[in-house]
1. For L596, only one of the following conditions fails: (1) out of contact with any Ser or Thr (no Cβ under 9 Å at 6 or more places or on another chain); (2) closer than 29 Å to H635 by Cα. What is its number?
2. Return the residue satisfying two criteria in turn: it lies in segment 324-368 and is in contact with a helix residue (DSSP H, G or I) (Cβ under 9 Å, 6 or more places away or on another chain) and basic (K, R), and of such residues it is modelled with the highest pLDDT.
3. Do you know which of the residues in segment 429-450 that are within 22 Å of L532 (Cβ to Cβ) and open to solvent by 20 Å² or more (accessible area, probe 1.4 Å) is modelled with the lowest pLDDT?
4. Identify the residue in segment 492-513 that is part of a helix (DSSP H, G or I), in contact (Cβ under 8 Å) with a residue 60 or more places away in the chain and open to solvent by 30 Å² or more (accessible area, probe 1.4 Å) and, among all such residues, is farthest from A700 (Cα to Cα).
5. Kindly state which helices (runs of 4 or more DSSP H) lie completely within segment 532-613 and contain at least 1 residues that are open to solvent by 50 Å² or more (accessible area, probe 1.4 Å) and within 19 Å of L681 (Cα to Cα).
6. Quick check on my filter: what residues within segment 787-810 are in contact with a Phe, Trp or Tyr (Cβ under 9 Å, 6 or more places away or on another chain) and open to solvent by 10 Å² or more (accessible area, probe 1.4 Å)?
7. Please work out if K669 is without any contact (Cβ under 8 Å) to a residue 40 or more places away in the chain and either open to solvent by less than 10 Å² (accessible area, probe 1.4 Å) or under 22 Å from G542 (Cβ atoms) (or both).
8. Condition check: within 22 Å of R516 (Cα to Cα) and open to solvent by less than 10 Å² (accessible area, probe 1.4 Å). Does L637 satisfy that?
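The values are calculated or read from the model by the stated rules, or taken from the named source; none is laboratory data. Values in this document were obtained by computation on a predicted structure and should not be read as measured data. Don't worry about glycine lacking a Cβ; one is built from the backbone with ideal geometry, like all the others, and counts go over all protein chains shown. Just so you know, the surface numbers come from the protein's heavy atoms only, side chains and all, with ligands and any DNA or RNA stripped out. Shrake-Rupley method; radii C 1.70, N 1.55, O 1.52, S 1.80 Å.
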Amino acid sequence: TQILSSFLWKTTEAALDSSRLQTAMRHLSSIHGGDCSRHEFFQVRHLQARIEETNGDFSSAIRNASQSLERLSLFPIRSQHDETRAELLVACGQWMAHYRVDSGEKILKEYLEPGMELAKKIHSRDGRGKAAAWRLTEACIALGDLVFSIYENTSERIKSPAWKEQGASLRARDRELKEVSAVASQQLKQKKKNETIDPWLKELAIYRQNLGRDVGQIRNERAKVEGSINEYKQIALKTLVQLLSVADDSYKFMSKFVYRMVSLWLSSGKIVEHTQMDMIPSYRFVAMSTQLFSRLTHSGLPLTRLVKRLVSEHPYHSLPQMVRLAGSSENASAHERDEEKASIANDILSEAKSDSPDFLASLVENYETLIRSYNALAHAKTDDLSRGGNKKIDFLVALKSQSQKLRLDKCIRSRPCPPCILTQPPKVRPNADYGSGVDDPVGGERIQSFESNFSIAESGITRPKIVMCIGSRGGRFKQLVKGGDDCRGDAIMQQVFHYVNEIFAQERSARARQLRIVTYNIIPTSATSGVLEWVENTMPFGDYLVDRGPKKGSSVGAHSRYFPGEWGSSLCREQLKKAYPDKQKQKETLETIYKLHSPTFRFFFVERFGHSANLWFEAKTRYTRSVSTTSFVGHVLGIGDRHSNNILVHQGTGEVVHIDFGIVFEQGKLLQVPERVPFRLTRNVVDGFGPTKTDGSFTAASYETMNALRQNSGALLTILSSIVADPLYRWSISRSPKLVRKRQELLGKVQKGTQGKEAEKAKEAEADGIEVDSNEAAEQAVRKVKEKLNGFEDGTAGEQQSTKGQVHFLINLSRDLELLSQMYPGWAPYA
């Protein structure tokens, strides 16, 4: 009987988790119909309530759970019913909050807070078993979600125009009250003894009394609302600390709670103490160590303590960033330097060298040498060396003025405890077990050497260097070393993409379609340089389509091969340039180009995968879905500059890979030639989808992408709020890279004390380039993302759209001939 009962419990739970409600009800009836104890009776009621809620009958579920709680209240605490009582309190509170059947404050006080406290007692009493940890985790998640929701709603209310208008109205009425009181007092003083009070003075007194009562009531309500912000913030922080300290690794989507906690913590002063932060395993914070490191200050002791833990426990992930921060004054302009952060970072590194195990001290020194060597190569002048068509440049020739210690191919050779491959760090280990520096850490490979020469990238404004890193296990890792460019923005976008992939992995329908964004590692090594992982077996979208000259390998593009008599890409671009800025002429020119320049990207799949029908179909499907995810995620994040060389195509899988994120959060709309379309959906992009074009798999994947983003909008906005408020992320938008450099140079002169004409020039440059206060710009960026996730798009007259409506609107906008014709000709709207 016990075996059968146990089997029925497990099958009921499994059926409920997989939404097979009829099976769950049938098995539950078998349990209920047999001989069950009082304890099992309440568990049956709990399961029944869960089934009702899953089936959409939330009122019955809440009523069932509430009645069970009333009956359980007759039993004393520390009884066998405690587990069921805690689970019912949390479940009932969650449902009531989700369906908004009662006030948030009442749900907190009567359900979620008691449920969490009871779960915490059970967890302490039962020796911290797995079931108790799971129960406490669920309670923390439920309580944390509700409190954070109340906190966000209250914050939004306080920031709203209506709240500010009420404040202005309150101040005006307060002034009126003082004036009325002054008039009444003056009249009463002037009144003679035994003189009858004028009726208007009585009315004035009544008006003053009513006005004072009204002003006092509004002031008290506003003070209560404003005072509740810190109260809810403290509850949320304590709950999140408890959650992150008790949850095990079976909870895969914990990063959103880490971002939420850090966002609250860094905006709350000293609410979280050392002891509370020490409860949380350090590996939870590795993913957002960039944001933590950028907020280091001499007054932030809890944060400094956490950063030291990260450096000592997860050195292969933390040291590259810490070394960069320690040298942040190098290669940085005057207004970008942060001497305080550099000083703190150097102190942390010095402490790691002296107070840590020997291997960590060696590791710190090796990372310092490695980062300096990368920076030396990034900023090395190679124009003369690459003019002769040299494919390979020797380090000795390129860096002959540098010390051998700063040559990348020599910098760490034969040193003990070499660093891991910078673009391939090991997987994060929850127990911080990366070995003692003698052997490779689990899942990682250390640097053995570099090839003695490097090459120069064929494209890019800064002409990055390409190096080959040799791993300790024989692996070969191609890396792109960029100089003269801030890579932090690109690294931040990759961080967001990783998080979006987590969202896709959690959503069943998105997971079924295998939706994802291809990501790669980017490690900023200074304010103006960085190292990027080379994505193997890819080629720029445009390189497949157009002819390449001698400097790029002299190849004939697909268009010339399949349509040799039609207009080429250069001619199309010249015709669009001639038509600028006449909008009607631009449209007519693009219509003409469409007739004389055929799309050819479908042949990419025939050439690469034509030997197998299955491979051909799978590659086209992956291509279509990856275009969908990158397009709609890119639109939500406002990513611009999606010309054909900033989109790579993987020649083995068909997926697209986006690079170069210098224009994000709608900055493209502020360029000299503003970007008009939400994402790149030109004829060649659509040509790869097949005969159904945008009406088949692309639209279906787009529905799932936008649905996943909108369903998880709160989580996405939380991470964006944490990331875009990074004080090291510069919020400047310029109409050209030259203008940025010129403006920064002029501003630097003004800061040094230059006056007169230089100051006027700086003001003019400031007017042309747009510089926004970082906090204000960050809030504006997040606000715009929130509008899109809520279904509001520019050009819809403020109408909120459904997910499907929004998808079709954006697809139509991206294919609009008139808008495409107004794009910058170098964007190649015809390709």
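1. Unmet condition: (2).
2. The residue in question is R324.
3. G443
4. Per the criteria, the residue is H498.
5. 569-579, 583-596, 602-609
6. Across segment 787-810, the qualifying residues are E793, G795, T796, G798, E799, Q800, Q801, T803, K804.
7. Taking the combined requirement at face value, the residue does not satisfy it.
8. Here the answer is yes, as L637 does meet what is asked.
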